[in-house]
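What follows is a short report on a single structure.
The values are calculated or read from the model by the stated rules, or taken from the named source; none is laboratory data. Owing to the predicted nature of the structure, the values given are computational and were not obtained by experimental measurement. Here the Cβ is made from the backbone with ideal geometry for all residues, glycine too, and neighbour counts use every protein chain on show. Heads up: the accessible areas ignore ligands, DNA and RNA and are worked out on the full protein's heavy atoms, side chains in. Shrake-Rupley method; radii C 1.70, N 1.55, O 1.52, S 1.80 Å.
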Amino acid sequence: MDLEYGKFSDASKKGSWKTALLFAYQSLGVVYGDLSTSPLYVYKSTFAEDIQHSESNEEIFGVLSFVFWTLTLVPLFKYVFVVLRADDNGEGGTFALYSLICRHANVSLLPNRQVADEAVSTYKLEHPPEKRSSSRVKVYLEKHKVLHTALLILVLLGTCMVIGDGVLTPAISVFSAVSGLELSMSNEHHQYAVIPITCFVLVCLFALQHYGTHRVGFLFAPIVLAWLLCISALGLYNMIHWNPHVYQALSPYYMFKFLKKTKKGGWMSLGGILLCITGSEAMFADLGHFSYAAIQTAFTFLVYPALILAYMGQAAYLSQHHHTSYHISFYVSVPESVRWPVLVIAILASVVGSQAIISGTFSIINQSQSLSCFPRVKVIHTSDKIHGQIYIPEINWVLMILCITVTIGFRDTKHMGNASGLAVMTVMLVTTCLMSLVIILCWNKPPAVALSFLLFFGSIELLYFSASLTKFTEGAWLPILLALFLMTIMFVWHYATIKKYEFDLHNKVSLEWLLALGPSLGVARVPGIGLVFTDLTSGIPANFSRFVTNLPAYHRILIFVCVKSVPVPFVPPAERYLVGRVGPAAHRSYRCIVRYGYRDVHQDIDSFETELVARLADFIRYDWHRSQHTSPYAEDDASHSNESSSERRLAVIGTVAFSGTPGYGIEESVEPASVSIGFSTVESVTDVIEMQAVGAGAVERRVRFAIDDDGSESDVQTKMYVQLEEELRDLMTAQEAGTAFILGHTHVEAKQGSSILKRLAINFGYNFLRRNCRGPDVALKVPPVSLLEVGMVYVV
C-alpha cells in the first residue's frame, strides 16, 4: 500500500532504535488501520446464524480461543517471523514474492528480458544458487511452460482478491462503525439512518482521494493509536468488571470443546472468526515504507496485545449477558457513558483502515499495469516529495460505486463479512504458496522445510477457506465474481500483449535495411528528433518500416525507445538508461532502453524528453572518448562486424557524478564484460556488451580497453573532437527543431484457424479494452501536436 511518511535510505539510521520506534508509531496509521478495527464485527459475524450464545458459555469461550490462536499463528508467527523476511529490496507484497521467484528461476513471462537487467544493483541474489546441485523444483518449474502460466495466474488471483478487498473492507468497516447508532435509536429510525450515513461517509472518503493522503496522513497514526488504547481499556474494564477468569478460555481445549458441541455449525462459523485477521497482509504489503523492525515492534508490543484484550473483554461481557444474543455486537460491551466518544473514534479508525486498503488497491493496479497485466489507466502522483502516493481516477470511482452498491445491497454485517472473509483467505493462501517457492528457490532451504511451512499454515488457511466457501450463496459469491471478471481482463490483456510482442519480434527489419535508406531511394531526413517507441530491445520495429514506406522521410536524429519493466521494485536512476548506436555514428540513429521497476514512478514526458537528450549527449561524449583513448585487444571476437557490434553494444548512462581521475575497471567474472570510465563530461558510464536472450545458446563477449594517459593530441584526435562537436551540435539543433513521438496505433486480430476462445479473447475482449482504455500516447502524456501514429494490423 502506498502511504509513506518518510523513508530513510541510510541503513545505520534505519537500524537505530529511535528510528525503529518512530517508524513503528507511523506504521500504525498505514498498516494496522484495517486489522485494528476487526473487533467491530468479528463476534457479530460469527454469531449471526450458525451458532447461538448459550448459558454454558462454551460457544463464546470457544470462539475466543479460536480468535486468540488464529491471531497468534497467522499474523504473529507466519507474517512477523517468516513472511516479512522475504522482502524484495525492502519491498513486500504479492508482486515482491513473484519478482523474487522470477529472478531466481527462469519462470517470468515478460518477453523482452535481457542479460543486462541482471546487472542492475537491485537485481542482487541474496542467496545465489549453488552450481553443484540445482534444485529439482527449479528445474521442473523452468522446464514446463504451463507452470509459468499457472504461477502468473496464481499471482493474478491474489491481486484480484486484494482489489476485491478494496471494495469490501471500506463497506464493512464503515458500516460496522456506524451501526453503533442502533443502541441509541429506535429500530425504525435506525434502519433508515445507518445506510445513508455509511454511504455519505464512503462518498466523502472516495471524493477526497485526489488530494492525496499526505495532507491528512499525519492524523492517521494518532487516530489508530487512540483506537487501540480505547479497545485495550474497554477490554481490561470488561474483564475486571464481568469475568476475571476469562483468560482460561485461551486454552486450545476450548476450541475442541466448541467444535464437539457445535459440530457443523461451529465449522461454518469459522467464516466469521477469520475476520479477526483481515488486514494482516498489509504488514507485508507495506514493508517497503517501513523497516522490518518497525512493523515487528508495532504488532508484537502494541497491536497484538490490544486486539487480544479487546476480544477477551467482549467475551467477558457476553459470558455474563446471555439475553442479548440476538444483539451481539461490539457496542453492547461499551459502557453507555462513553459510547458516543467510542463511536466517533471507531468511525475515524474505520476511515483510516479503509484509506489504507484503497491506497493499496491503487498501488497494486499500478504494479499490474507495469507488468502488462492491466489495461492502461491514468496514474496521478499526489505528492512530489513522498514516493509512491498515487491516485487513479477511473479505479477510484469504480471502487466507490461498488462499495455503495455492496452497502445498499447486503445491508448487514453477515453478508459483507462472508464476502470479505473469502477474499482475505484467498490472498493468504496465495502468499503461503508463493512463500513455499521462495523458501526453496531463493533461500535454498530443503524442500522438506517449504513443505512443512505449506502444510502447517496452508491447512489452517484451508480450514477457514472451506468454511467461507459454504457461505457462497450468502455473500461469498461476490469476491469470486469480482475475481473472475478481473482475472479475465488481466489475463486477456497480458496474453494479447505477449502475442503483439511476438509479432513485432518476427516482423522486425534488419539494420541493413535502415542503413540502405537514403536520397537514392527518395527518402529524406528532416530536422528534429524522432522518438520511435517499441517493445523491442534490438532490431528495427515493423511500425517504423511502415511509417517510412508511407511517408518517405524521417528525422535527422532517430532514437528507438523501449520502455520496459524489470522484475525488481526499483531501478536506480543511475542505471535506468541503456543507450547505444544503431549503425555508424554518421547515421545519427540510436537505441535507448529505459528500465523501470514495478514500483517506480514513470516520468512525465517533458522531464523524460529532456533527460533522454541529456543522457544521449553523455553517451556521445563517452563513445567518442572510448574511440579516441581505447583499443580492443586480447579477447575481442573478430567475427563481429562494426555494424553488428554497434547494434549489440549498449552503455548504462547514469546520473550520479563521478569523481577522481580517468581510469578503467575490469570485472573478471562470467558476467558480460563491463568497463567503467570516469571523466568530467560524463557523470556515470558503464559499458555493457549485450548477450543474446537468456537461455540456451547465450554467447558471451569479453572486451578489454587500455587507456592511454598521454595528453598530446594527434591529427586523428583533433579530427575526432571535431566530429564529436559536430554530432553534439546536430543533437542540440534537432532538439531546438522539435521532437516527434512515433507510436503504433494497433488493431489486433486472431489469425485464421484460431480457436473460438482465442478469437473471443483477441477480436472482442482485447480490442474492446484497447478502444475503451487509455492509449499509449495518453499514458505517456504525449502532446497531441507532437504525436505521429502509425496504423498497424497485428494478426496473431
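Just one of the numbered conditions (1) touching a Leu at 6+ places or on another chain (Cβ under 7 Å); (2) free of Cβ contacts under 8 Å to residues at least 12 places away in the same chain; (3) of a type outside the set (Val, Ile, Thr) is not true of Leu551: (1).
Determine whether Val571 is more than 20 Å from Lys500 (Cβ to Cβ), in a helix (DSSP H, G or I) and open to solvent by less than 20 Å² (accessible area, probe 1.4 Å). When the stated conditions are applied, Val571 does not pass them.
Listed by position, the helices (runs of 4 or more DSSP H) inside the range 20-114 whose residues that are under 20 Å from the mean Cα position of the chain (by Cα) and not aromatic (Phe, Trp, Tyr) number at least 3 are 94-104. Please tell me if Ala448 is touching a residue at least 60 places away in the same chain (Cβ under 8 Å) and either part of a helix (DSSP H, G or I) or open to solvent by less than 10 Å² (accessible area, probe 1.4 Å) (or both). No; evaluated as a whole, the condition is false for this residue. Of all residues in the range 281-301, which are under 17 Å from Trp227 (Cβ atoms) and crowded, with 21+ Cβ neighbours inside 10 Å? Within the range 281-301, Ala282, Ala298, Phe299 qualify. Entry remark, the range 330-365: residues being among the small types (Gly, Ala, Ser) and either at pLDDT 85 or above or surrounded by fewer than 19 Cβ atoms within 10 Å (Cβ to Cβ) (or both) number 7 in total.
Can you tell me which residues in the range 451-481 are more than 19 Å from Leu270 (Cα to Cα) and open to solvent by less than 30 Å² (accessible area, probe 1.4 Å)? The one that is more than 19 Å from Leu270 (Cα to Cα) and open to solvent by less than 30 Å² (accessible area, probe 1.4 Å): Phe453. Return the residue satisfying two criteria in turn: it lies in the range 366-415 and is modelled with pLDDT of 90 or more, open to solvent by less than 20 Å² (accessible area, probe 1.4 Å) and farther than 19 Å from Gly775 by Cα, and of such residues it is farthest from the chain's Cα centre (by Cα). If we take residues in the range 366-415 being modelled with pLDDT of 90 or more, open to solvent by less than 20 Å² (accessible area, probe 1.4 Å) and farther than 19 Å from Gly775 by Cα, then Thr407 is farthest from the chain's Cα centre (by Cα).
Look at (1) at pLDDT below 80; (2) over 30 Å from Ile390 (Cβ atoms); (3) aromatic (Phe, Trp, Tyr) and you find that Phe61 fails only one, number (1).
Applying the set (1) open to solvent by 40 Å² or more (accessible area, probe 1.4 Å); (2) among the β-branched types (Val, Ile, Thr); (3) over 19 Å from Leu151 (Cα atoms) to Val523 leaves exactly one unmet item: (1). Only residues that are under 22 Å from Ser359 (Cα atoms) and open to solvent by 10 Å² or more (accessible area, probe 1.4 Å) were counted across the range 96-119, and they come to 1.
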